[in-house]
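Some notes on the structure that comes next.
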Amino acid sequence: QVRLVESGGGVVQAGGSLRLSCAASGSTFSSGTFGWYRQAPGKQREMVALISTVGTSTYADSGKGRFTISRDNAKNTVALQMNSLKPEDTAVYYCAFTRHPTTYWGQGTQVTVSS
């Protein structure tokens, strides 16, 4: 059974940095897309960043130039480095893995950016 476990969330001041990590288990993950999504209170879940099997990354406009997604296929992990954080980045961040047609989700980790 696929399991995704996020870590690294917390409280940080505006302008600071956080690194989120996601450990995947229960399957093989070398083929498929990892992603980070976030959901702020009262808002819909939105894509933050995606990384394909071959390492091609895609970012939402909100994170371009500030966030970097990476994956380690040998360790079945994916990370999101977040720099220059803003209060509007406050949300629960979710790790996801998609192997068409199924998407698996982690339980989420809270990121709070104080002004």
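The values are calculated or read from the model by the stated rules, or taken from the named source; none is laboratory data. Remember, it's a predicted structure, so these values are computed and weren't measured experimentally. Cβ: placed from backbone, ideal geometry, glycine included. Neighbour counts: every protein chain shown. What goes into the accessible areas is simple: the full protein's heavy atoms, side chains included, and nothing from ligands, DNA or RNA. Shrake-Rupley method; radii C 1.70, N 1.55, O 1.52, S 1.80 Å.
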Residue that is modelled with the lowest pLDDT [pool: residues in region 5-31 that are part of a loop (DSSP other than H, G, I, E, B) and open to solvent by 50 Å² or more (accessible area, probe 1.4 Å)]: S30
How about region 42-80: which of its residues are assigned to a strand (DSSP E or B), under 18 Å from A24 (Cα atoms) and free of Cβ contacts under 8 Å to residues at least 12 places away in the same chain? D72
Number of positions in region 95-109 that are assigned to a loop (DSSP other than H, G, I, E, B) and open to solvent by less than 50 Å² (accessible area, probe 1.4 Å): 2
